[in-house]
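The values are calculated or read from the model by the stated rules, or taken from the named source; none is laboratory data. Given the structure is predicted, the values throughout are model-derived calculations rather than measurements. We place every Cβ from the backbone using ideal geometry, glycine too, and count neighbours over all the protein chains shown. Each accessible area value is taken on the protein alone, full model and side chains, heavy atoms only, with ligands, DNA and RNA left out. Shrake-Rupley method; radii C 1.70, N 1.55, O 1.52, S 1.80 Å.
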Amino acid sequence: MRARPLTAVLGLLAAAAVLAGCGKEPDPRAYPGSESGMSWEDAAARYRISLPSCPVEGFRFDVQPPLTDRLAATFTAAKSCVDGYLKQYGVDPAAPSGHWPSGVSGTAGGATIRPEDPPFDPAEMRQFGWVLDPGVRYDLYFGFHAPDRWSTFWVLVKPGPDREVVYLRSKTLG
């Protein structure tokens with residue numbers, strides 16, 4: 001007799017779990033593997049950032065749940081727009097923190113660093129389809145801060161005469 005009520009309760013719990021996961025459609029701008037049901041607007045609110053107010057192309061993002069926290073995004077926009085966006089978050093576009101390829105080699109934590117090693121995790125870059133051109137000198141910025149200064153990002157910018165490609169990756173959480 002006890003088996004039936006327990007089976008019914010377990011069935012209801014399983015159904016509730018399935019329904020809870022079906023609450024939101026995935027954001028079509030999210031990379032595969034991004035936090036389920038999290039829109040860009042929700043992710044941006046969590047990190048206290050926004051997209052530039054100008055038109056952007058090719059916008060994609062990835063956000064991971066708290067504890068594994070990560071926000072990564074890319075877009076293409078006019079150079080003047082990218083410059084304004086960087087300034088909005090405390091970065092001087094004329095004074096990058098560094099460049100990629102770096103031109104620097106050495107070791108860190110016992111690992112060899114080569115000039116062509118990307119500034120972001122190579123596995124993440126493959127996941128997002130981020131392919132950098134080693135024949136182009138990118139600008140790298142470390143001082144990109146959310147207004148409350150809790151969320152910080154590294155920003156890599158592929159320069160162009162009219163349009164630039166921006167890659168953002170969170171480094172500290174908000």
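The table for this structure:
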read-out	value
Residue count, region 93-111 (criterion: open to solvent by 50 Å² or more (accessible area, probe 1.4 Å) and in contact (Cβ under 8 Å) with a residue 12 or more places away in the chain)	4
Residue in region 62-80 that is farthest from residue 123 (Cα to Cα), counting only those that are of a type in the set (A, V, I, L, M, F, W, C) and within 19 Å of the chain's Cα centre (by Cα)	77
Cβ pairs under 6 Å, 6+ apart, first in region 39-50 and under 12 Å from residue 89 (Cα atoms), second open to solvent by less than 60 Å² (accessible area, probe 1.4 Å) and part of a helix (DSSP H, G or I)	50/44
Which listed residue is crowded, with 17+ Cβ neighbours inside 10 Å and of a type in the set (D, E, K, R), from 114, 169	169
Filter pass, residue 151 being open to solvent by less than 50 Å² (accessible area, probe 1.4 Å) and out of contact with any helix residue (DSSP H, G or I) (no Cβ under 6 Å at 6 or more places or on another chain)	no
Cβ pairs under 9 Å, 6+ apart, first in region 72-85 and within 11 Å of residue 165 (Cβ to Cβ) and polar (S, T, N, Q), second in a helix (DSSP H, G or I) and open to solvent by 10 Å² or more (accessible area, probe 1.4 Å)	74/128
Of the criteria (1) on the phi < 0 side of the Ramachandran plot; (2) assigned to a loop (DSSP other than H, G, I, E, B); (3) under 20 Å from the mean Cα position of the chain (by Cα); (4) touching a residue at least 24 places away in the same chain (Cβ under 8 Å), which one residue 90 fails	(1)
Which listed residue is buried (at least 18 other Cβ atoms within 10 Å of the Cβ), of a type in the set (Gly, Ala, Ser), at negative phi and in a loop (DSSP other than H, G, I, E, B), from 34, 50	34
Residue count, region 117-129 (criterion: open to solvent by 70 Å² or more (accessible area, probe 1.4 Å) and among the acidic types (Asp, Glu))	1
